[in-house]
Structures are given as C-alpha cells and as structure tokens.
1. Can you pull the accessible area of Phe28 for me, 1.4 Å probe, Å² to the nearest 10?
2. Cross-link partners among aspartates and glutamates for Lys233, C-alpha distance below 14 Å, same-chain residues fewer than 8 apart left out?
3. Residues of the range 215-243 with backbone nitrogen within less than 12 Å of a virtual label 7 Å along the Cα-to-Cβ line of Ile182, please, listed as ranges.
4. Assuming a ≥ b ≥ c are the square roots of the Cα gyration tensor eigenvalues, decide whether the range 290-443 counts as rounded (a/c under 1.5), prolate (otherwise, with a/b larger than b/c) or oblate.
5. Express the accessible area of the chain per residue in Å², computed with a 1.4 Å probe while the remaining protein chains stay in the model.
6. With charges only on Cβ, +1 for K and R and -1 for D and E, what is the dipole size of the chain about its Cα centre, in debye, rounded to 20?
7. Can you tell me the FRET efficiency between Arg169 and His85 if r is taken as the Cβ-Cβ distance and R0 is 25 Å, rounded to the nearest 0.05?
8. What whole-number distance in Å separates the alpha-carbon centres of the range 229-266 and the range 53-127?
Amino acid sequence: MSFTKEDIIRKVKEEDIEFIRLQFTDIFGQLKNVAITASQIEKAVNNQIMFDGSSIEGFVRIDESDQYLYPDLDSFAVFPWRPSHGKVARLICDVYNPDGTPFVGDPRNVLKRVLKKAADMGYDAFNVGPEAEFFLFQTDDEGKPTVKTNDEAGYFDLGPLDHGEGTRREICMALEQMGFEIEASHHEVAQGQHEIDFKYADALHTADNIMTFKLAVKTLAQKNGLHATFMPKPIFGINGSGMHTNMSLFKNGKNVFYDPDGEKGLSKEAYSFIAGLLAHVKGMAAVTNPLVNSYKRLVPGYEAPCYLAWSASNRSALIRIPAARGQATRVELRSPDPACNPYLELAVCLAAGLDGIEKGMTPPAEVTENIFAMDDAARKAHGIDALPGSLDEAIAALEGDQLILDTLGDHVAANYIEGKKKEWDEFRTRVSSWEREKYIINY
C-alpha cells in the first residue's frame with residue numbers, strides 16, 4: 001500500500017484515531033516510539049516532530065541531541081489490538097539530523113546504505129523471508145514470566161495439547177489486519193515454542209515487519225496472560241529459538257541466484273553470495289546472535305547450526321539451499337536468532353553476500369553428511385570451521401572484520417561494540433545459580 005500525506009491526515013480523521021506512535025529502532029534492536037495526538041499528524045507527516053536523541057542508548061552525544069523523525073508514509077497502520085474508539089496507529093520512521101541529513105546511528109539508515117550499494121551493482125531487489133521462533137510462557141500471580149508452558153504439544157501438533165494455539169491464531173489475525181501475508185503458523189519442536197512465517201518482502205520492509213511482528217506477539221501474549229519471549233535459549237536441554245533468514249537477489253525482475261544450467265540449478269552469483277556469507281559469518285555473529293544467551297543455542301545437538309558449511313539438503317549446515325528453484329531460489333542462513341536487530345542483521349548479510357559477488361569468491365564443497373555426527377578430526381579433514389563460541393569471541397571476530405565494521409559505520413560499530421562488551425563483562429563477573437549449585441557444598 002502506498003499513502004500520501006493527505007491520505008494519512010484524512011485516515012486519522014475519518015477512522016477516529018486518537019494517538020499515532022512514531023516508531024524507530026535503537027542500535028540494540030529495541031523498538032522506541034514517540035507518541036503524538038491526532039492534532040499533531042500534519043506536523044508528523046511533514047517531518048517536523050523531533051525528539052531528544054541523547055536519551056536513546058547508543059544514539060548521540062548530549063551536545064547534538066535534537067533529532068527529527070521522518071515517517072515512512074507507506075508504513076501507516078492501525079493497531080488491531082487497541083479499542084475501536086480512540087484507536088492507535090503507527091508510522092515507522094527514519095531518524096534525521098537537524099540539517100536534513102540521515103543520522104548515521106539509525107539502523108534503518110545502515111540497511112538503506114547497503115541496499116543502495118546493491119542497487120549500484122545493478123540489483124533491484126534483495127528479498128528476505130524470515131522464520132522467527134518464540135516461546136509462550138505462563139506468568140505467575142504477579143504477572144512475571146515463568147518458564148512453565150502448560151503445553152505438551154510437539155512439532156506441528158494441533159488440538160487440545162497446544163494451549164498457545166489460541167494466542168498464536170490471534171496474533172496471525174492481527175498481523176493479517178495489518179497487511180501481513182501469513183504463510184505458515186505452527187508449533188515448534190520444543191514445548192511452548194511457536195513459529196509464524198510471513199511472506200518475504202524487500203529487505204527494508206522485512207526488517208520493519210520483524211519489528212512489528214515482535215511487538216504484536218508480545219502485546220497479544222500479554223493480553224492473554226502469557227509472556228512471549230524471543231530470547232534465543234530460554235531453557236537448558238531443549239531447542240532454542242532461531243530466525244532462519246531466506247535471501248534472494250533480483251536483477252530486472254529475475255532471480256539472479258537461479259541458473260537452470262548451473263550446478264544444482266544455482267548461478268555463479270549464488271555460489272559467490274554463499275562464499276561471502278561463509279567468509280564473514282564469524283564477523284557478523286555479534287550482530288546476528290547478539291546476546292550472551294545466543295551462544296547457548298549455537299551448540300551441537302539441538303538443530304541450531306554451529307559449523308561453517310553449506311548444503312542443498314542438510315539441516316545441520318549453517319547455510320541451506322531450499323529445494324525450490326526458478327524465481328523462488330534462495331539461500332537460507334540458519335544461524336541468526338530473533339533477538340537480533342533486523343536492520344543490522346539484514347545489512348551485514350547483504351554486505352557479506354555482495355562482497356562474495358564482487359570478489360568472485362567460491363565456497364568450499366557442499367557438506368552432505370551430518371556435521372554434528374562428525375568428530376573434530378573429521379570436521380578438520382573437511383575444513384569445517386565453527387562459529388564463535390561466546391559473545392566475547394563474537395565481539396573479537398567483529399572487531400577483526402573490516403567489511404562488517406564499514407557496513408555498520410563508525411558510529412554504530414563503536415557504540416554497539418561498547419554496549420556488547422559491557423554486557424559480556426556483566427555476565428563474566430556475575431555469580432550464577434549453576435556455580436552455587438556446583439560448588440557451594442563441595443568446596
């Protein structure tokens with residue numbers, strides 16, 4: 001849907017919308033918003049609403065704090081979960097400096113810069129379909145989340161076993177009212193774990209959609225007395241939540257990853273894109289897997305990939321090529337988790353793939369065996385490297401990958417790394433319940 005300023009001003013009046021949330025995302029992927037009343041809508045669509053950027057983590061220094069919100073008019077949508085009188089709508093915004101230049105610390109701007117690079121290379125679309133998993137947990141009497149799921153369903157189960165099903169259905173209906181096309185919605189492998197897949201779109205819209213999706217999931221779970229979490233590994237011993245990212249590049253409306261005469265129906269560009277991802281995936285990890293907890297998911301034995309390999313069939317590989325060919329040919333990166341900032345995640349994925357294409361990289365041979373079943377020696381023989389084993393290792397890999405640092409830009413890279421180092425340090429010095437259980441009696 002595309003809207004003009006006049007359309008939006010008229011809609012706000014006609015549909016009795018009381019509040020409009022001007023939304024943007026900070027560098028750590030947290031959704032922020034400035035709420036305005038309907039009387040301010042004209043100012044908003046004319047890019048005249050400002051906010052104090054110094055109050056947003058990782059945004060600006062105090063002496064340059066005023067920033068402006070430029071709404072993306074096509075992102076206008078009404079929240080279906082709000083009452084029918086006094087409705088609430090939202091606009092997703094870009095962040096600009098007072099002098100009219102895009103703010104370098106705005107994650108949406110980071111993604112736009114890489115998309116411009118792709119356009120300069122002749123690619124007119126970078127399409128992305130995400131598969132974001134989440135857990136629904138019960139809350140206690142105070143409304144705090146527990147790790148109880150009250151559900152005994154398994155993968156794809158239906159029926160009385162799956163208590164989260166009603167909530168999941170509500171989420172799907174709300175998203176459809178907001179213009180999403182839901183392709184699949186099902187129970188995942190672990191108890192209390194769910195997945196909702198929506199139709200692919202160009203990268204910018206997909207990143208916007210992921211932010212909207214997270215908001216809808218959390219809001220509707222809360223409405224039903226549940227807590228939704230996108231934490232990558234909430235419970236030891238069962239599968240964590242991933243956000244598999246399916247990607248394809250288009251030129252003149254044609255999918256450039258497809259070549260009917262290429263090996264496995266894949267083009268030279270597809271192979272170079274895969275090689276670029278493999279070359280930078282360690283440097284990207286602090287972005288695609290941003291939490292201390294992310295690295296508890298990326299361990300052998302739980303379907304999450306931890307080894308650097310690609311395959312057309314193998315689900316233990318980091319990069320999988322789903323079976324569909326033609327316009328649906330795509331590369332699926334399986335390492336990202338849903339705690340990531342989607343704007344930065346898609347920016348680094350695209351930058352890595354384009355780097356592979358620019359340099360004409362070729363990937364190592366496909367690995368068809370189960371990588372988890374191999375021992376270290378077998379993996380070594382195959383030349384299979386591993387992802388960083390902790391956030392600390394991931395930060396070091398990011399600091400050593402110039403392409404990823406350049407993609408983020410100095411401002412975002414410096415603030416992001418500083419924030420992540422603080423997070424790691426806090427974790428490293430904190431005494432955990434595991435340590436107490438393990439040591440307090442015996443020592």
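The values are calculated or read from the model by the stated rules, or taken from the named source; none is laboratory data. Quick caveat, the model's predicted, so the values are computed rather than measured. So basically every Cβ, Gly included, is an ideal-geometry build from the backbone, and we count neighbours across all protein chains shown. Side chains included, ligands, DNA and RNA excluded: accessible areas come from the protein's heavy atoms. Shrake-Rupley method; radii C 1.70, N 1.55, O 1.52, S 1.80 Å.
1. Its accessible surface works out to 40 Å², give or take rounding.
2. Filter leaves Glu133, Glu188, Glu303, Asp337.
3. What the label zone holds, given the 12 Å backbone N cut-off, is 217.
4. Oblate is the answer for the range 290-443, as a/c is 1.5 or above yet b/c matches or exceeds a/b.
5. Value returned for the chain: 45 Å² of accessible area per residue.
6. 100
7. Calculated transfer efficiency: 0.50.
8. So the separation of the two Cα centres works out to 25 Å.
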